[in-house]
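Accompanying notes for the structure given below.
Nothing in this text is a laboratory measurement; each read-out follows from the coordinates by a stated rule. Just so it is clear, the model here is predicted, and its values are computed rather than measured. Glycine also receives a Cβ, built like all others from the backbone with ideal geometry; neighbour counts cover every protein chain displayed.
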Amino acid sequence: WATRSASRCYLINGPIYSPPRRSTILPGSMRPLTFIRTTLCWLALMPGLSLGQQSETFGPFELYYSVVNTTFLDPKIAANYGITRGEKRAILNLAVRENITNGSAGRAMVLKGRTWDLIQNQTLEFTEIREGEAIYYIAEFPFINEEWRFFEIDFRPEGADQTYTFQFKHQLYIN
């Protein structure tokens, strides 16, 4: 007598038999490292796909932004910058660079912002961080799992003759 389950065959009063597992042999051009490299190249070339930090252009300035769960931060780094880690807490990270003749240069900026979802509304309090020539701004905020957060940022880069407004939305998850 034998009974069969999804991938195993059991013999009553006998040994358990498992059919051999199928293995896929990739052709030489599709070996794991080659496959991974090829996939990453295609992902990088796909328009509109964001893999972390994103940017938006405002005249000669490029505003870089990212939203990160605080649990992704190393506890020592978070403590060093006074960031409270938690599963329902995130940070908004902003930096602005001016496109100049020889490339680009980081700029300080004056900014204010707010974030909201369907339940909560919060004014963002930014902290300026300087590391060498890099200048960036972080603000902490709480979030609700799977809710969309909306952001509105008004910023004026050093040397700019106007204030720019930037809006975006981001969905956050507890990890």
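The table for this structure:
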read-out: Cβ-derived FRET efficiency at R0 25 Å, I77 paired with Q120, nearest 0.05; value: 0.40
read-out: Sites E133 and N175 - FRET efficiency at Förster radius 35 Å, r taken between beta-carbons, to 0.05; value: 0.65
read-out: T165 paired with Y64, simple spin-label distance in nm, labels 7 Å along Cα-to-beta-carbon; value: 2.7 nm
read-out: Reference-scaled alpha-carbon Rg (2.2 N^0.38 Å with N residues) for segment 94-175; value: 1.25
read-out: Rule-of-thumb Rg ratio for segment 112-158 [Cα; 2.2 N^0.38 Å; N residues]; value: 1.35
read-out: Computed FRET value (nearest 0.05) for V110 with T84, which takes r as the C-beta separation and R₀ as 35 Å; value: 0.90
read-out: Calculated on alpha-carbon atoms, Rg and Dmax of segment 54-122 in Å; value: 15.1, 46
